[in-house]
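Below is a structure I'd like to ask you about.
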Amino acid sequence: QVQLVESGGGLVQAGGSLRLSCAASGFTFSSYFMAWFLQAPEPEREFVAAISWSGGSTYYADSVKGRFTISRDNAKNTVNLQMNSLKLEETAVYYCAEVLDSDYPSRIQEYDYWGQGTQVTVSS
């Protein structure tokens with residue numbers, strides 16, 4: 001069955017960096033869009049970044065452009081999120097998600113499967 005397992009979360013000071021990883025199994029990873037979303041205390045998950053199956057196209061929320069980088073390794077079935085210059089308000093649980101294809105990769109409704117999430121806490 002499909003499994004997405006996030007790792008790399010933790011406690012970091014504002015302005016610091018973290019690298020999240022998502023290990024995927026149970027589907028043909030190299031054929032799927034992958035994305036990261038965050039969920040803070042607000043009820044809705046918010047789009048962070050997405051990457052096409054080949055890695056040739058990437059998409060970012062305006063708030064993270066220039067600070068976050070999404071990448072994937074299709075040989076290792078992993079997708080990563082490098083987060084730099086983290087802000088207090090980016091304290092959240094970060095989830096990875098997958099969809100076979102999408103014309104709207106920032107829409108939460110597009111995604112079929114989700115991981116359990118990894119907690120990122122940004123402190124002052």
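Report the Rg/Rh value for the range 68-124, based on alpha-carbon coordinates and the Kirkwood definition of Rh.
Numbers: Rg = 13.1 Å, Rh = 13.1 Å.
For the range 68-124, the value is 1.00.
For the range 1-101, just run the numbers: alpha carbon Rg, then divide by 2.2 N^0.38 Å, N being how many residues it has.
Compared with the compact-globule rule of thumb, the range 1-101 sits at 1.03.
Continuing with the same structure: So who's got an amide H within less than 5 Å of the one on Thr91, skipping anything under 5 residues away but keeping other chains? H placed 1.01 Å off N, in plane.
The list, which skips near neighbours in sequence, is Val122.
Would you please give the FRET efficiency between Ser57 and Ser124, computed as 1/(1 + (r/R0)^6) with r the Cβ-Cβ distance and R0 = 30 Å, to the nearest 0.05? The partial results should precede the final answer.
Working: r = 35 Å, r/R0 = 1.18.
So the FRET efficiency works out to roughly 0.25.
A follow-up question, please. Suppose the chain between Gln109 and Asn74 were pulled fully straight at 0.36 nm per residue; how much longer would it get relative to their current alpha carbon spacing?
Here the answer is 10.2 nm.
Go through 55-63, 2-10 and give me the packing order, highest mean Cβ count within 10 Å leading.
2-10, 55-63
Can you tell me the FRET efficiency between Ala40 and Arg19 if r is taken as the Cβ-Cβ distance and R0 is 22 Å, rounded to the nearest 0.05?
With a Förster radius of 22 Å, E is 0.65.
Place a point 7 Å from Cα of Ser85 in the direction of its Cβ. Which residues in the range 14-35 have their backbone N less than 16 Å from it?
Answer for the range 14-35: 14-18.
Here, each number is a calculation from the coordinates, and none is a lab measurement. Just so we're clear, the structure is a prediction, and the values are computed from it rather than from any experiment. In this analysis, Cβ positions are derived from the backbone assuming ideal geometry, glycine residues included, and neighbour counts consider all displayed protein chains.
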